[in-house]
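Here the structure is laid out as structure tokens; the discussion comes afterwards.
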């Protein structure tokens, strides 16, 4: 064997050994439960916990809503001849999505044992395939390899962006100390810094390729104050309807018009809470079929209004988000609902003080005194979340 060949063999063996040690190290870390999490109500026979509490000051990671990719192996073997065969049934898609989410967690230094909550949006085919979803779910949580059971929500929807998508899944996870991009000097911080992703809030780190329109996940620094915005309504058909009971209200415009109106309200509500469009990190968007347009879901119209606020030259903030369609309230003319999470920039502790100077855990915002719900609620820095 020549000297160069020997060197190449030694280098290759060294790289393999390092990778094996890193994998073993991650396995050992994954074998330990996350001390920041307290799960309740996830006894025998249950797929998930009823609730999971997170210790104060814990850094968090919110993933995007992952949707399927074509089944490359089936395509290569010539076995996939239709769109449905390209993506698989609910079980195949859910399994693939959680495999992808496991990889997304690994980039942040996390494992499935760090997951706080799982949300799945399932499309009926023609009935909701809970058996397929539960089968896939059980391969990742509540088993001998990973006994951890996060909290879980499963929602039936009418469709996703592609008509053959059957599932969309998202995770919320807790980042233990000395892991993740906020651990100074760690390999996770160095890995993050190498990619030069744009950030618009000092408490947030964005994941995913810098060229992508969305983030695959957002890491939130421990001890940050969070803001959860209520789902906002579009403009009513007539101003007087704004104060009517919900079942009597009617809404004007197509999806694009309603999305534009909602985003304006969203920015105004953020401002009321001391935030800007640079501070949101997650957005859940539900489009309803438009009966005046043949039951069509206008995803393009929604995206046009969305990019006027996010991921543009004026605001490079790329949210982690989900976009789906549900029957909803289309009979009343409502075609869109948007829910948003944000993080306060800087030191927000002064905002969570009562009139008598005592600290408070929650702060509700409601500019309209007639409103039955808050426009949003902020959680104080270092609050315990459940």
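The values are calculated or read from the model by the stated rules, or taken from the named source; none is laboratory data. Since the structure is predicted, the reported quantities are computational estimates derived from the model, not experimental observations. No Cβ is skipped: glycine too gets one built from the backbone with ideal geometry, and neighbour counts run over all protein chains shown.
Observations on the structure shown:
- The set of residues in the range 272-289 being outside any strand (DSSP E or B) and closer than 30 Å to residue 224 by Cα consists of 272, 273, 274, 275, 276, 277, 278, 279.
- One residue stands out in the range 326-343 among those that are assigned to a strand (DSSP E or B) and touching a helix residue (DSSP H, G or I) at 6+ places or on another chain (Cβ under 7 Å): the one that is farthest from residue 163 (Cα to Cα), namely 342.
- Residue check for residue 222: outside any helix (DSSP H, G or I), surrounded by 15 or more Cβ atoms within 10 Å (Cβ to Cβ) and touching a helix residue (DSSP H, G or I) at 6+ places or on another chain (Cβ under 8 Å): no
- Considering the range 183-217, and only residues there that are assigned to a loop (DSSP other than H, G, I, E, B) and in contact with a helix residue (DSSP H, G or I) (Cβ under 7 Å, 6 or more places away or on another chain), the residue that is farthest from residue 315 (Cα to Cα) turns out to be 183.
- Evaluation of residue 312 against (1) in contact with a helix residue (DSSP H, G or I) (Cβ under 6 Å, 6 or more places away or on another chain); (2) surrounded by fewer than 14 Cβ atoms within 10 Å (Cβ to Cβ) (one fails), failing number: (1)
- Any hit, the range 68-80, residues being touching a strand residue (DSSP E or B) at 6+ places or on another chain (Cβ under 8 Å), within 26 Å of residue 151 (Cβ to Cβ) and modelled with pLDDT of 75 or more: yes
- Residue check for residue 292: more than 19 Å from residue 218 (Cα to Cα), free of Cβ contacts under 8 Å to residues at least 24 places away in the same chain and either in the same structural domain as residue 365 (by TED's automatic domain parsing) or part of a helix (DSSP H, G or I) (or both): no
- Within the range 136-154, the set of residues being more than 21 Å from residue 90 (Cα to Cα), in contact (Cβ under 8 Å) with a residue 12 or more places away in the chain and either surrounded by fewer than 20 Cβ atoms within 10 Å (Cβ to Cβ) or outside the structural domain of residue 91 (by TED's automatic domain parsing) (or both) comprises 146 only.
- Considering the conditions (1) over 25 Å from residue 183 (Cα atoms); (2) surrounded by 10 or more Cβ atoms within 10 Å (Cβ to Cβ); (3) modelled with pLDDT under 85, residue 65 is excluded by exactly one of them, (3).
- Just one residue in the set 323, 309 is closer than 28 Å to residue 196 by Cβ, at pLDDT below 95 and not in a helix (DSSP H, G or I); that residue is 323.
- Residue match in the range 361-376 (condition: modelled with pLDDT under 95, out of contact with any strand residue (DSSP E or B) (no Cβ under 8 Å at 6 or more places or on another chain) and under 30 Å from residue 158 (Cβ atoms)): yes
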